[in-house]
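Every read-out reported here was derived from the displayed coordinates using simple, explicitly stated rules and does not represent laboratory data. Just so you know, these numbers come straight off a predicted model, no measurement behind them. Cβ placement follows ideal geometry from the backbone for every residue including glycine, while neighbour counts extend to all protein chains displayed.
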Amino acid sequence: METRSAKRKKIAQIIENNAKAATDRISDLPDAVLHHIFFLLPIKCVAQMSILSKRWKFLWTTFPDLDFTTLNPFEFSSKSIKLSNFEKHKLYPLASTRMDFITQVLSIRDKHSDIRILCFRACLSFSRLNSLIRSAIRLNVRELDLEVAPEVFTDDYFNFPRCVIGSESLKVLKLKSGFRLPPSSVMRTGFRYLQKLSLSLVILHKQPSLPDLFSESTFPHLRTLHLDMCYGLQYLHVGCKALEDLSLEKCYQLEGLDVSCAKLERMRLVKCFDAYSDKSWVKINAPKLEHLFWQHNAVTDMTVFEHSNFLHEVSVGFFILNRDQTTGKLQSATNFLSGLSHARSLTLERQTIEILSNNHLLFQPFYNLKSLELQTGFNKSNVPGLACIFKSSPILNTLILKIINEYRIERKEWNRDLWDMTITEGEQYWESQIRTLESFLQHLKVVKIHGFLDYENEVALTKFLLKNGKALEEMVLCAGHCNARDTLRRQKIRSQMMGFSWASSNAKVAFQ
């Protein structure tokens, strides 16, 4: 018979074995799984965890995703991380600066362990930046994401790090800094394997034209290109045949843009083109374009926009200086809008609607348009522009109006009594448009108006759509904040609106 002492020893042994088994479960996971767990943690924690076991020491030197952006340069010091004696002669004691830590982490890497991602934000010298990038290139880095600035305030700029140009492993390069590009002849010798490029704060005063840099021969595999704040850039040609996503932001001096990409699906231009130039132009040939975001851009003097049958989502916002409302620029705006005739979803910003209202532009109808969002001040002068857009949307399903309410905009309040049968000026205008809006009124099903404050123009349009919208199913009127006096007035107006004649028996009106 087993004694109590032997039984206690047996139970203790079982508990000890189970504890060891539980302890080893994580360590027994494959390296790829543990690396994925590390990726979810700040790099500081990953370094601290290297003391847990011999296995984890090895994992630290082979960890492929080095994201140092989580380090706080004002708190990082040799006392902030406590690790084992592992690689003391190379890594410890830790230096007092973040950049020293990054340099030393790269120095202890296993020479056979490639880097998948290297990210950091820092102030450093150009020589140190080059040294860090060369170390990463030797370790076959696949993605470099760097935001750097000179460690000492200076009017000088970084030179583009040439060591990345010939890399065969690098697939993604994101570089944000004030830097100059090397000559085009140098740039064209590399980037054979790059798939994604993002450059911010590029100084191009001595290279105002990039006509042949972004070509098939230089970037044969480039799928994504993002250029941001390219100072001095005046002329740009993009002709990468594999390119799918193009983004240009804050290229204020741009005067000429030529985009010819057979596979381009997404294009975004924000705050580009010189509004004071008398010779600006844009040419876009992208037959497979699906998403276009053209926001806060100056209208060019000439626009050539080839139609895309795949256009799904489009957002347009452009402006013209008062002195430049000439035939050339207005025709350019017309050509641009006509190039969007196959769009299925369209957003027009406020300044675009004002241009349409003030100049009565005629463009090709949007025969495929199902969803339309308009941002407008909705004053009296905007009404013709809205009517023009409605006429050009014969099969529209959903209309969204976002009313921008500003104190400087004078808008007449709706002051009608229940027994007052007079027709306002706004109602008269919309009634005069019934024949030209017949198809629009037969297809419109959903109307949403944000910023609805019961002014005359808003109520007149609402009454017109309810009275003539034969397919209307839902109308949502979202109002802003108001005081107690306005609340009583608003309730009165809403009661009147519910008494309007409705063309659709299925229509529902909701006030929010």
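Here are some notes:
- Full extension of the segment from K508 to D28, taken as 0.36 nm per residue of separation minus the current Cα-Cα distance, would add 166.7 nm.
- FRET E, pair A262, H221, Förster distance 22 Å, beta-carbon r, rounded to 0.05: 0.95
- Calculated FRET value between C45 and T103, using beta carbons and R₀ = 25 Å, to 0.05: 0.80
- Cα shape, the stretch 124-254, gyration tensor, a/c 1.5 rule: oblate
- A471/D228 FRET efficiency (R0 60 Å; Cβ-Cβ; nearest 0.05): 0.85
- Pairwise label distance in nanometres, N405 with Y276, each label 7 Å out on the Cα-Cβ vector: 3.8
- Debye intensity ratio I(q)/I(0), log10, the stretch 103-173, q values 0.26 Å⁻¹ (C-alpha model): -1.30
- Potential lengthening between S501 and N159 on full extension [0.36 nm per residue; Cα-Cα distance subtracted]: 116.2 nm
- Cα-based shape type of the stretch 329-381, given that a ≥ b ≥ c are square roots of the gyration tensor eigenvalues and the cut on a/c is 1.5: oblate
- Chymotrypsin sites (Phe, Trp or Tyr not before Pro) within the stretch 356-387, DSSP loop, no more than 14 other Cβ atoms inside 10 Å: Y367
- When the listed pairs K263/K445; K329/K402; K263/K402 are checked against a 32 Å cut-off, the alpha-carbon distance exceeds it for K263/K445; K263/K402.
- Using the Cβ of L346 as centre and a radius below 13 Å, the other residues enclosed give a net charge of -1, where K and R count +1 and D and E count -1.
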